[in-house]
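Take a look at the structure set out below.
The values are calculated or read from the model by the stated rules, or taken from the named source; none is laboratory data. Since the structure is predicted, the reported quantities are computational estimates derived from the model, not experimental observations. Virtual Cβ from ideal backbone geometry, glycine too; neighbours counted across all protein chains shown. Accessible surface areas use protein heavy atoms only, side chains included; no ligands, DNA or RNA. Shrake-Rupley method; radii C 1.70, N 1.55, O 1.52, S 1.80 Å.
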Amino acid sequence: MLARPNIAEKPARIDWVLLCALLGLMVLGVLFIHSARYATESGAGVPWFKQLHFRQIIFYALGLGALAAMCVIPYQTLARWSYVAYWGSVLLLVLVLIPHIGALRFGARRWIDLGVFQLQPSEIAKIAFILALGNFLARPLDELKLTGNFWKALAMLGLPFALIFVEPDLGSALVFIPTGFVMMYVAGIPAKYLRRFLGGSALIVALILVDVLFAPPNWQLKLQDYQRRRLLVYFSLDHKYFAPPNATAAELQKARIQERNDSYNVEQALISVGSGGLTGKGWRQGTQNVLGYLPRAVAHNDFIFSVLAEESGFVGSLVVLSLYAVVLFAGIRIAGQARDRLGRMMAAGVVTLLFSHMFINIGMNIRLMPVTGVPLPLLSYGGTSVICTLVAAGLLQNIYLHRRSY
């Protein structure tokens, strides 16, 4: 006798595949942040409870709590409060630009110093933007065909983009563009609107690059000096481009030194990745990191992938990429199973946001992308970025919990 199917049987309540991939990334994050800081913190005699890898464990714990909290309230209810979160994040982005509120570090105001914690409003703005734009686009498809609603969606993207760009934090600002446009495409915004705007934007970007790289100084768009130098390094332009017109021999020599200094981090990152070989040099045995060739000030955040690649080699890098692939494909699957367009858009936004971070960060470690301050999700050291990444993962779990059951 055949067993009758249990019609009332409920689907699994948690996406364990996604959760296990996140836990795997967190374990690797603790190991390699400790390795990246081992020489510095051990040499200085820093107590274990003050070391960065231990603080990262605390951030992971807080982030997992935030992930669980995100699953308590249905995402449809969260969307009703999304505009409050969006304008709250915009307020934080304004506050961080104010002297004595925003902490000035490395020539940029990106953090609000809370004493025991450095709050980075741009990370909060990314999550708030996904919620708010999803809520805005979750309207009848006929309304999305109106040109006015397309421009309103662009304005929602442009406001945090502009504020983050002014900090300046070009890398974090740029991730809003693919995230927003993928959400618009999934929502049903007419493709002709997106094609025309992207085509015009690509032309403007190309003209800006030509202007910044090749135009006379008086004609150039005013960027931060370090931003222009990073672009010069990325495009492998000769040291003469670092010097003023009609430069003297001394000025050319100074420009040559400037070029070497600006390209140093990228070159050392490439050496670290390439020297790892198949299986790496071993945990805490990476000579680029231990000997300080890979700058210790950035090894545990911007260049954590270089530390990992040197010490665990191609195999370790492949494991990391595989874990990220699991997270991304789990997000795509959740988007496909979402109960409504709102859930589909939000899941697509989270997946695009995570992919953008991974592509930019790993790309700059292997010189596919210019150097920016975009963290590698869950591997780079950082409080706000870790917590917000796990909040985004919690949103995916929320959508999964309320997915279609047929």
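Would you point out which residue out of Ile360, Ile387 is more than 15 Å from Phe176 (Cβ to Cβ) and either touching a Phe, Trp or Tyr at 6+ places or on another chain (Cβ under 9 Å) or assigned to a helix (DSSP H, G or I) (or both)? None of the other options fit; the residue is Ile387. Kindly indicate whether any position in region 1-15 is open to solvent by 70 Å² or more (accessible area, probe 1.4 Å), closer than 15 Å to Gly394 by Cα and modelled with pLDDT of 95 or more. No, there is no match, as no residue in region 1-15 is open to solvent by 70 Å² or more (accessible area, probe 1.4 Å), closer than 15 Å to Gly394 by Cα and modelled with pLDDT of 95 or more.
Among residues of region 254-270 that are more than 20 Å from Asn361 (Cα to Cα), those with a beta-carbon under 6 Å from a residue that is not in a helix (DSSP H, G or I) at least six positions away or on a different chain give the pairs Ala255/Ala243.
Hey, any hits in region 381-392 for a residue that's under 25 Å from Leu209 (Cα atoms) and under 12 Å from the mean Cα position of the chain (by Cα)? No, there is no match, as no residue in region 381-392 is under 25 Å from Leu209 (Cα atoms) and under 12 Å from the mean Cα position of the chain (by Cα).
For region 333-352, a tally of residues being part of a loop (DSSP other than H, G, I, E, B) and open to solvent by less than 10 Å² (accessible area, probe 1.4 Å) returns 1. Residues that are out of contact with any Phe, Trp or Tyr (no Cβ under 8 Å at 6 or more places or on another chain) and under 18 Å from Tyr234 (Cβ atoms) within region 267-285 comprise Glu267, Leu270, listed in sequence order.
Scanning region 67-77 for residues that are in a helix (DSSP H, G or I) and either among the polar types (S, T, N, Q) or surrounded by 18 or more Cβ atoms within 10 Å (Cβ to Cβ) (or both) turns up Leu67, Met70, Tyr75, Gln76, Thr77. Which one is modelled with the highest pLDDT among residues in region 113-129 that are open to solvent by 30 Å² or more (accessible area, probe 1.4 Å) and in a loop (DSSP other than H, G, I, E, B)? Once the filter is applied, the top-ranked residue is Leu114. Filtering region 262-294 to residues that are open to solvent by 30 Å² or more (accessible area, probe 1.4 Å), not in a loop (DSSP other than H, G, I, E, B) and not hydroxyl-bearing (Ser, Thr, Tyr) leaves Asp262, Asn265, Glu267, Leu270, Ile271, Val273, Gly274, Val290. Quick check on Phe355: is it under 14 Å from the mean Cα position of the chain (by Cα), under 25 Å from Ala187 (Cβ atoms) and surrounded by fewer than 23 Cβ atoms within 10 Å (Cβ to Cβ)? Yes; evaluated as a whole, the condition is true for this residue. Residue count for region 237-248 under the criterion of being at pLDDT 65 or above and open to solvent by 80 Å² or more (accessible area, probe 1.4 Å): the result is 2. Taking interchain pairs and intrachain pairs at least six residues apart, which have beta carbon atoms under 9 angstrom, with the first residue in region 160-179 and under 15 Å from Arg109 (Cα atoms) and assigned to a loop (DSSP other than H, G, I, E, B) and the second open to solvent by less than 30 Å² (accessible area, probe 1.4 Å) and of a type in the set (A, V, I, L, M, F, W, C)? Within 9 Å, the pairs are Glu167/Leu93; Glu167/Val96; Glu167/Ala108; Glu167/Ala173; Pro168/Ala108; Asp169/Ala108; Asp169/Val374.
Within region 300-323, the set of residues being of a type outside the set (Val, Ile, Thr) and open to solvent by 20 Å² or more (accessible area, probe 1.4 Å) comprises Asn301, Asp302, Ser312, Phe314, Leu318, Leu321, Ser322, Leu323.
Entry remark, region 366-398: residues being open to solvent by 10 Å² or more (accessible area, probe 1.4 Å), modelled with pLDDT of 95 or more and among the aliphatic types (A, V, I, L, M) number 2 in total.
Filtered by the rule that a residue be over 20 Å from the mean Cα position of the chain (by Cα), loosely packed, with under 15 Cβ neighbours inside 10 Å and either acidic (Asp, Glu) or at negative phi (or both), region 98-112 gives Ile98, Pro99, Ile101, Leu104.
Hey, among the residues in region 33-53 that are open to solvent by less than 60 Å² (accessible area, probe 1.4 Å) and within 21 Å of Thr384 (Cβ to Cβ), which one's farthest from the chain's Cα centre (by Cα)? Here the residue is Gln51.
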